[in-house]
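Inspection log for the structure reproduced underneath, given as structure tokens.
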Amino acid sequence: MKKINLLKHCFFTSLFLLGSFKSISQPAKTPIDPARQFTPAELQADLKLMRTILDESHPGFYRYTPKARFDVLFDSIGQTLNQPMTQHQFYVAATPIIAALKDGHIKYMPHVRPHWQYYYNLNQLFPLELYFTNQQAHLVRNLAGSENIPLGAEITAINGQPIAAIIQKLLPTVYFADGNSQAVKYQSLDKFFPFYYGTYIGASANYTISYRDRSSAETKIVQVPAITLATIQQLEKEKENQKPKQLPIRLEYKDNSTALLTIDHFNIYKNEMDVKEYLKDTFWQINAKNIQHLIIDVRGNEGGVDRWGALLYAYLTQKPFRYYNQLKVAQKKKYSFAEHIAWVPKMFPFYRRFLITKTKDGSYTFSFKKTLKEQKPQKHPFKGDVYILTDGYSFSVTSEFAAIAHHHKRATFVGRETGGGYYGNTSGFFVVAVLPHTGIELAVPQWGYHMAVSGYPYPDRGVLPDYPVAPSIDDVLQKRDAELAFTLDLIRKKKTSSAAKK
């Protein structure tokens, strides 16, 4: 038993010391020739292998989309692969399969790539940063540096195509979402519109932009030159350099009874900060100051170490609670596509042989996680009102924490729907496989997390806020925090109401 425990420790060390997937699978220096065409036989072989990879290794393959629908998808897509195609064309053709998984953790990209997000039409990328709300888009920034469109103007068409039609075409291609979560899809368009447009619609040396200035109903048309990947990379570098150096978890006081706990991400290890000690000190402090209203801001928090979500909730409750119900695994046999695997943890054979258990119903689980056991509340939990700010990029561990807090009715939610699923997600470590002909990489998460929640009427959605609040284009341009302002106003009204009753 001691030997198995030691091997378990080595396995987890091999997983987590290697870091995140982005660091494991670094882009190679030279991308594939974009003009190279693959034969129909090669395309069909890669499509068939894609099915095999998902069948054998993805524990949530049919979580949101039934097998019958995937059968139809694979068959219909296979019928389109009847002529030579480039990697880009195959990538686009197979995207509906990835989108149908409705798994925001899946990684689908060229194995050889110049950038982690941008792969195609890299010299003619769309030059405007836009903010999308429903069927509208407004200009936030002209990345080409010109000023021929006023900031905040409504963009009504691109190259003659109405913006509403563009949104309807691109939203189904956004697979960074669990289930049918919606907010994250729009926010993904905000963040990476040049990628989506260049990949799924096309590219041009100049873009014809139709827009309406907010001071006039007249539609105007201008030309804006395309930008290159180098421009985007430079802007990314400038943005990164402008970020203030601060801890990923921070506490500030808004007044003598209200505190704001901001958590940028949960991907935190001891070399950055001691999360256990920080939370212990933080909650001791807010209790000592008799704080009555705690705002927890997890907007933009894409997740990280799962135990931090359980620990954070343990400071908000006075009762023992379950966090995960089960961690499902696809199977424990050796993968038939082993020759196409580019990366797995070194301890993967041991994990597959000794740590996966077959259950009575014939499924497979991984049960060596402390968060599967009943969790105890912390000694001095916070007992006041809790408000949690979420958006579409509240994902993975963050969505898990939000689901538990929502299930136990422990918080009021303000903002936008989380991008992660209420009932769980498919994440953990990845098996990285590469389709041998087209060079497309599939990184498949190995653990199907099922949360200890029930009664939520939307099995395919994230945590829906009690108070839906989304920034307006004016909020975006003026850098006003609409969600926080709304929450502080909610607290002020509650204080006024309580004072009036006394």
query: Any chance region 148-164 includes a residue that's assigned to a helix (DSSP H, G or I) and free of Cβ contacts under 8 Å to residues at least 24 places away in the same chain?
result: no
task: Could you grab the pairs with beta carbons closer than 8 Å, sequence gap of 6+ or different chains, first residue in region 189-205 and among the β-branched types (Val, Ile, Thr), second one surrounded by fewer than 17 Cβ atoms within 10 Å (Cβ to Cβ) and part of a helix (DSSP H, G or I)?
output: Thr199/Val92; Ile201/Lys169
query: Which pairs do you get when a residue that is touching a residue at least 60 places away in the same chain (Cβ under 8 Å) and open to solvent by 70 Å² or more (accessible area, probe 1.4 Å), found in region 282-294, comes within reach of a residue that is in a helix (DSSP H, G or I) and of a type in the set (Val, Ile, Thr), reach meaning Cβ atoms under 9 angstrom, with the pair 6+ apart or on two chains?
result: Gln292/Ile491
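For (1) at pLDDT below 95; (2) under 24 Å from the mean Cα position of the chain (by Cα); (3) of a type outside the set (A, V, I, L, M, F, W, C), each residue gets a yes or a no:
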site: Pro66; (1), (2), (3): no, yes, yes
site: Thr86; (1), (2), (3): no, no, yes
site: His115; (1), (2), (3): yes, yes, yes
site: Asn123; (1), (2), (3): no, no, yes
site: Gln135; (1), (2), (3): yes, yes, yes
site: Val140; (1), (2), (3): no, yes, no
site: Leu143; (1), (2), (3): no, no, no
Options Lys332, Lys328: the member that is touching a strand residue (DSSP E or B) at 6+ places or on another chain (Cβ under 8 Å), free of Cβ contacts under 8 Å to residues at least 40 places away in the same chain, surrounded by 15 or more Cβ atoms within 10 Å (Cβ to Cβ) and closer than 19 Å to Thr52 by Cα: Lys332
- line: Pairs returned, first residue in region 220-247 that is under 20 Å from Tyr118 (Cβ atoms), second residue that is assigned to a helix (DSSP H, G or I) and open to solvent by less than 100 Å² (accessible area, probe 1.4 Å), beta-carbon separation under 8 angstrom, 6 or more apart or interchain, are Ile227/Pro194; Ile232/Pro194
statement: For region 172-193 the number of residues that are open to solvent by 30 Å² or more (accessible area, probe 1.4 Å) and either outside any helix (DSSP H, G or I) or touching a Pro at 6+ places or on another chain (Cβ under 6 Å) (or both) is 4
message: Being assigned to a strand (DSSP E or B), at pLDDT 95 or above, open to solvent by less than 80 Å² (accessible area, probe 1.4 Å) and closer than 30 Å to Asp55 by Cβ is the requirement here; does Leu251 meet it?
response: no
- request: Report those strands (runs of 3 or more DSSP E) wholly inside region 376-434 carrying at least 3 residues which are under 24 Å from Asp481 (Cα atoms).
  value: 385-390, 412-415
message: Condition first: among the hydrophobic types (A, V, I, L, M, F, W, C), within 24 Å of the chain's Cα centre (by Cα) and in a helix (DSSP H, G or I). Now tell me which residues in region 44-64 satisfy that.
response: Met50, Ile53, Leu54
message: For region 443-456, which positions are open to solvent by 30 Å² or more (accessible area, probe 1.4 Å) and within 22 Å of the chain's Cα centre (by Cα)?
response: His450
- request: Considering only region 444-502, state which residues are aromatic (Phe, Trp, Tyr) and more than 20 Å from Gly384 (Cβ to Cβ).
  value: Trp447, Tyr449, Tyr456, Tyr458
From the options Lys239, Lys169, Lys220, residue that is within 30 Å of Pro96 (Cβ to Cβ) and either open to solvent by 30 Å² or more (accessible area, probe 1.4 Å) or assigned to a strand (DSSP E or B) (or both): Lys169
query: Which residue pairs have Cβ atoms closer than 9 Å, lie 6 or more positions apart in sequence or on different chains, and pair a first residue in region 309-324 that is under 20 Å from Thr282 (Cβ atoms) and of a type in the set (D, E, K, R) with a second residue that is modelled with pLDDT under 95 and assigned to a loop (DSSP other than H, G, I, E, B)?
result: none
- prompt: When region 118-143 is examined, which residues are found to be outside any strand (DSSP E or B) and open to solvent by 40 Å² or more (accessible area, probe 1.4 Å)?
  reply: Asn121, Asn123, Gln124, Asn134, Gln135
- request: Answer yes or no as to whether Ile232 is buried (at least 19 other Cβ atoms within 10 Å of the Cβ) and hydrophobic (A, V, I, L, M, F, W, C).
  value: yes
Residues satisfying the stated conditions in region 84-104, i.e. in contact (Cβ under 8 Å) with a residue 60 or more places away in the chain, open to solvent by 20 Å² or more (accessible area, probe 1.4 Å) and assigned to a loop (DSSP other than H, G, I, E, B): Lys102
statement: Per the filter on region 468-494, residues in a helix (DSSP H, G or I), among the aliphatic types (A, V, I, L, M) and either touching a residue at least 60 places away in the same chain (Cβ under 8 Å) or open to solvent by 50 Å² or more (accessible area, probe 1.4 Å) (or both) are Ile473, Val476, Leu477, Leu484, Ala485, Leu488, Leu490, Ile491
query: When you go through Tyr196, Tyr269, Tyr207 one by one, which is the residue that is out of contact with any Lys or Arg (no Cβ under 6 Å at 6 or more places or on another chain), surrounded by 14 or more Cβ atoms within 10 Å (Cβ to Cβ) and not in a strand (DSSP E or B)?
result: Tyr196
query: So which residues in region 336-366 are of a type in the set (D, E, K, R), without any contact (Cβ under 8 Å) to a residue 40 or more places away in the chain and surrounded by 12 or more Cβ atoms within 10 Å (Cβ to Cβ), if there are any at all?
result: Arg352, Lys358
- line: Here the residues within region 299-325 that are part of a helix (DSSP H, G or I) and either among the charged types (D, E, K, R) or open to solvent by 10 Å² or more (accessible area, probe 1.4 Å) (or both) are Asp306, Arg307, Trp308, Leu311
- request: Return yes when Val414 is open to solvent by less than 10 Å² (accessible area, probe 1.4 Å) and in contact (Cβ under 8 Å) with a residue 40 or more places away in the chain and no when it is not.
  value: yes
- prompt: Given the structure, is Lys373 touching a residue at least 24 places away in the same chain (Cβ under 8 Å) and of a type in the set (D, E, K, R)?
  reply: no
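The values are calculated or read from the model by the stated rules, or taken from the named source; none is laboratory data. This structure is a prediction, so every number in the text was calculated from the model and none was measured. Note that each Cβ is placed from the backbone with ideal geometry, even for glycine, and that neighbours are counted across all protein chains shown. Please note that ligands, DNA and RNA were not included when accessible areas were found on the heavy atoms of the full protein model with its side chains. Shrake-Rupley method; radii C 1.70, N 1.55, O 1.52, S 1.80 Å.
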